[in-house]
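First the structure, in the form of C-alpha cells, and then the observations on it.
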Amino acid sequence: MIKAIKACRYLGITKLWQYALYQIGLKSGHYRRVTPSVRDTHTIAPSIGPFASFPNPTPAQKDLTLAYADEIGRGMLRLFGGEPVPLDLNAGSAPEHWTVLEETPPEEDIKFIWEPGRFGWAITLARAFAFSKDPADAQLFWDNTFQFLAAHPPNLGRQWQSAQEVAIRLMAMVFCDRAFAAAPSSTPANRERLWQAIADHAQRIPPTLVYARAQNNNHLLTEAAGLYTAGIYLADHPQAEKWRRLGCRWLNWGFQHQIDEFGTYVQHSVNYHRLMLQTALYADHVRRSAGQPEWPEKTRSRLASATRWLWALTDPQTGETPNLGANDGAYILPLTACPYSDFRPVLDAAAKAFLNQDIFDQPELAEMADWFTLTASIAQKQPQPQASDMLRIDGNDRRAFIRTAQFTDRPSHADQLHVDLWWQGVNVTQDPGTYQYNAPSPWDNALAGTQVHNTLTLDGEDQMLRAGRFLWLDWAQAQILAHEIDDESRIIRLTAEHDGYRKSDALHQRTLAADPRGWLVTDTVLPYGKPNKAVHTATLTWLLPDWDYKFEESNKIRLTGAEFSFSLTISGAEHLNLFRAGERLFGQISPQPTWGWVSSTYGQRAPALMLVATLTGRLPLTLQSNWEFTE
C-alpha cells in the first residue's frame, strides 16, 4: 500500500490513469475490435519520391557495409551491435491476436524476438545497394520482407504487440522503399504491397497511443514519428491527414516535454538519448522532403540543447560515451559503418540539423547526415560543451564525469554521484550497463542498482526505493555544491551531494579532483538534519577493467593493461573485497551473482573486477580513493 501511494505521488495521476485506460482497452476487448487482422485495400502511391542521390562512402566504409550485407545474405544478423547470430524472420509468429499475447509472457526475452522486426537488416541492405548497385541486395530485401509479412499478418503475433516496434519498422520500410526504388526487383506490384503494409502499420498505432503517453519516453516519440511518416508518405490515404496531425502533435509535445532546457533527456540514458535524436533526425528529414512547415521554436531549441548534451559526453577521438542509464541496444536506422559504441555519426548529423555546425569535419562520420541531406554553414571548431547533470573534468589523455541528476520523471538507474574515469581512451571505472530486462532472476534488470555503480551505498540500501523492475521511488536528488577552475577555465575540481539516504538521516557528499598523476575522489557521509548517533556501514564500489591485478598493500591494488597500468589506494577503509563474474577473489563479503560484470550492449555481459571497500562507524564517515597512472 505504501508503495502504491508513493507511485501515485511520483508518477502522477495522469500517467496512472492513461495506463489504466490501456489496461481497460486490453481486458474489455476494445483493442482487439479496433485492430482487426485485415490488410489495407486502398490503392495508394507515395507522395515523396526516391532518394535523389546516395552518400559516397570511403572504401573502408563501403567494404564493411558490403561485408555486413553478405552476412545477411547468409542468414545472419548482428543483434544490438554484437556478433552475428541467425536471422529469424519468423520470430514471434503466432496465429493469436496481439492482445491475447500481451497477456501471455513470451518464452524468451521479448527484445530478441522484436529486434529482427525492427528491419535494421533492411537498412544495411539498402546501404549496400546504394554503394554497389548490386541487384541481389534489393532482391534479398524483397524476399525477406515478404517472408516477414507473410509470417506476421496484421495484428497477429508478437511483432504487433508493441506499437513502438510497429512504428520503427514502418519508418524502415519507408526508407527502404525510397532507397530500392530504382532496383529491377522493385516492381510496381512489389512496391504497392509494401505501401499497403505501411498503411497496415500506421493503423495499428493510434488505438494504443495512450500507452505511449503513459510511458512518456521514447515510445511516444517513435510512435508519433511513425504516424507522421505514414501521414506524409501516403498522403492520398483516407487516414493520412489524421496520422500526420497526430504524429506532428505528439512529436512536438514529446520533444518539448521530454527534453529539459539543459538538453537532458527524460530517460537519463545515453543510448535512449541517441535514439531520441535519431527519431528527430528521421522525422526532420521527412518534414523537409515533403516541404512541411518548420518545427516550432521551442522544439528546435530543445533539440539543439539535446545535441549539445550528447556532444558533452562523447569522446571526439573514439565516439564512446559513459554507459549511462538503461541500455537496451537500440540503434534504429543504422546509417553508418561505424560500430554501435560510436556516437559520432548521430551527433554529427544532429549538430548539422539542429546546431548548423559541422563539429567533426570528418567525411567518414557523415554518412547519416548525407542520407538526410544535411550540411552546416558553421565549420569553425567550437569548444566541447558541458552537460549540467554529467559534468566533465578534462585533462591530457583523460576524462572524468560525475553524475548529478535532478529527476523530474522516472529514473532508470540508482546511480547518483557515479564517477566515470577514462584514461587514454580507456574506460577504467565503468558503468555496468543493463544486460537484460526480461531474463530470469537475478538478471531481470539487475544492473540498475546502486551497489554495482561507482558510488557509495549506505547500510546496503539503494539510493532509492525499488518498487519494480523499472520503477524507482523516493528519488534521490543531486546537486553541485562547488567547483574550481584553472587558468584556462577548465574544471579541475567538483563537489556534489545527493539526498538519497535522507531516510537514514544522512547525506552522501563526493569530491572529484584532478591530480597530476590521476584523480582523487573523496566520499563523506554526513549527518542530515539532526544528530546521528547510529552506527552505519558505508560501502564504496569501483567497477574496474578485467586486467591483471595485484594487491601491493592492504589498501592498495594495481591493475596492469596492455598500454598502461594504474594503482588505486583507498584510505579509511576497514576492509577491501574484490569480485569477478559473481565470484569473490579477495575479502570477506559473500558475493552476489550480479557483481563483477559489465554489459556494453543488450544481451551481452563480460567479466569486470569489482572492488568493494567498507567502513563502519558513526557519522561522519570518510573514504578517499587515490588513482595514480603509469605507462
Going through the stretch 18-41 in order, the residues found to be touching a residue at least 40 places away in the same chain (Cβ under 8 Å) and either closer than 30 Å to Leu473 by Cα or under 29 Å from the mean Cα position of the chain (by Cα) (or both) are Gln18, Tyr19, Leu21, Tyr22, Gly25, Leu26
Being out of contact with any Leu (no Cβ under 9 Å at 6 or more places or on another chain) and part of a helix (DSSP H, G or I) is the filter; apply it to the stretch 246-266 and report the residue that is farthest from Gln292 (Cα to Cα).
His257
Within the stretch 152-197, can you find the residues that are assigned to a loop (DSSP other than H, G, I, E, B), farther than 24 Å from Asp328 by Cβ and touching an Asp or Glu at 6+ places or on another chain (Cβ under 7 Å)?
Pro154
Restricted to the stretch 291-323, and to residues that are among the charged types (D, E, K, R) and part of a helix (DSSP H, G or I), which residue is farthest from Gly433 (Cα to Cα)?
Glu297
Unique match (being in a helix (DSSP H, G or I), more than 23 Å from Ala330 (Cβ to Cβ) and in contact (Cβ under 8 Å) with a residue 24 or more places away in the chain) among Pro207, Pro238:
Pro207
For the stretch 481-499, give me each residue that is of a type outside the set (A, V, I, L, M, F, W, C) and within 21 Å of Asn396 (Cα to Cα).
His483, Glu484, Asp486, Asp487, Glu488, Ser489, Arg490, Arg493
Tell me the residue from Ile44, Ile72 that is within 26 Å of Gly157 (Cβ to Cβ), in a helix (DSSP H, G or I), out of contact with any strand residue (DSSP E or B) (no Cβ under 7 Å at 6 or more places or on another chain) and not charged (D, E, K, R), please.
Ile72
Please work out which residue is nearest to Ala448 (Cα to Cα), limiting yourself to the stretch 289-328 and to residues that are charged (D, E, K, R) and over 16 Å from the mean Cα position of the chain (by Cα).
Asp315
For Ala163, are the conditions met, namely being free of Cβ contacts under 8 Å to residues at least 60 places away in the same chain, buried (at least 22 other Cβ atoms within 10 Å of the Cβ) and either of a type in the set (Val, Ile, Thr) or within 26 Å of His97 (Cα to Cα) (or both)?
no
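So that you can scan it fast, the table gives a plain yes or no per residue for (1) assigned to a helix (DSSP H, G or I); (2) among the hydroxyl-bearing types (Ser, Thr, Tyr); (3) under 21 Å from the mean Cα position of the chain (by Cα):
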| residue | (1), (2), (3) |
| --- | --- |
| Tyr435 | no, yes, yes |
| Leu447 | yes, no, yes |
| Gly468 | no, no, yes |
| Leu481 | no, no, no |
| Asp487 | no, no, no |
How many residues does the stretch 553-565 hold that are exposed (fewer than 12 other Cβ atoms within 10 Å of the Cβ) and either assigned to a strand (DSSP E or B) or more than 31 Å from the chain's Cα centre (by Cα) (or both)?
2
Go through the residues of the stretch 247-262 one by one and say whether even a single one is buried (at least 21 other Cβ atoms within 10 Å of the Cβ) and on the phi > 0 side of the Ramachandran plot.
no
Restricting the search to the stretch 329-343, which residues are touching a Phe, Trp or Tyr at 6+ places or on another chain (Cβ under 9 Å) and over 16 Å from Thr279 (Cα atoms)?
Ala337, Tyr340
Can you name every residue in the stretch 511-538 that is part of a loop (DSSP other than H, G, I, E, B) and either in contact (Cβ under 8 Å) with a residue 60 or more places away in the chain or more than 23 Å from Ser571 (Cα to Cα) (or both)?
Arg517, Tyr528, Gly529, Lys530, Pro531, Asn532, Lys533, Ala534
Scanning the stretch 397-427 for residues that are of a type in the set (Lys, Arg) and surrounded by fewer than 22 Cβ atoms within 10 Å (Cβ to Cβ), which turns out nearest to Cys8 (Cα to Cα)?
Arg410
Within the stretch 6-41, residues being part of a helix (DSSP H, G or I), over 20 Å from Pro153 (Cα atoms) and of a type outside the set (S, T, N, Q) number 17
Long-range neighbours under 8 Å by Cβ, at least six apart or interchain, first residue free of Cβ contacts under 8 Å to residues at least 60 places away in the same chain within the stretch 383-397, second assigned to a loop (DSSP other than H, G, I, E, B) and among the small types (Gly, Ala, Ser):
Asp397/Gly425
Of the criteria (1) at pLDDT below 95; (2) within 28 Å of Asp63 (Cβ to Cβ); (3) of a type in the set (A, V, I, L, M), which one Ala379 fails:
(2)
Would you check if His508 is more than 34 Å from the chain's Cα centre (by Cα), surrounded by 15 or more Cβ atoms within 10 Å (Cβ to Cβ) and either assigned to a loop (DSSP other than H, G, I, E, B) or touching a residue at least 60 places away in the same chain (Cβ under 8 Å) (or both)?
no
With respect to Ala202, determine if the residue is under 22 Å from Lys133 (Cα atoms), touching a residue at least 24 places away in the same chain (Cβ under 8 Å) and out of contact with any strand residue (DSSP E or B) (no Cβ under 6 Å at 6 or more places or on another chain).
no
Test for Ala326: is it farther than 18 Å from Gln430 by Cα and of a type in the set (Gly, Ala, Ser):
no
Mind checking whether some residue in the stretch 11-29 is closer than 30 Å to Leu465 by Cα and in contact with a Cys (Cβ under 8 Å, 6 or more places away or on another chain)?
yes
Consider Ile259 against the criteria (1) aliphatic (A, V, I, L, M); (2) under 25 Å from the mean Cα position of the chain (by Cα); (3) closer than 23 Å to Arg33 by Cβ: it satisfies all of them except one. Which criterion is unmet?
(3)
Counting just the residues of the stretch 287-300 that are more than 16 Å from Gly231 (Cα to Cα) and touching a residue at least 12 places away in the same chain (Cβ under 8 Å), which one comes out surrounded by the fewest Cβ atoms within 10 Å (Cβ to Cβ)?
Pro296
Which number in (1) within 29 Å of Arg287 (Cβ to Cβ); (2) more than 27 Å from the chain's Cα centre (by Cα); (3) acidic (Asp, Glu) marks the one condition that Asp63 misses?
(1)
So Gly572, is it closer than 30 Å to Trp114 by Cβ, small (Gly, Ala, Ser) and either crowded, with 17+ Cβ neighbours inside 10 Å or touching a strand residue (DSSP E or B) at 6+ places or on another chain (Cβ under 6 Å) (or both):
no
Does Asp200 satisfy the criteria of being among the acidic types (Asp, Glu) and not in a helix (DSSP H, G or I)?
no
Within the bounds of the stretch 326-347, is there any residue that is farther than 20 Å from Ile378 by Cβ, acidic (Asp, Glu), touching a residue at least 12 places away in the same chain (Cβ under 8 Å) and in contact with a Lys or Arg (Cβ under 7 Å, 6 or more places away or on another chain)?
yes
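The values are calculated or read from the model by the stated rules, or taken from the named source; none is laboratory data. Predicted model, so just to flag it, every value in this text is computed and none were measured. Here the Cβ is made from the backbone with ideal geometry for all residues, glycine too, and neighbour counts use every protein chain on show.
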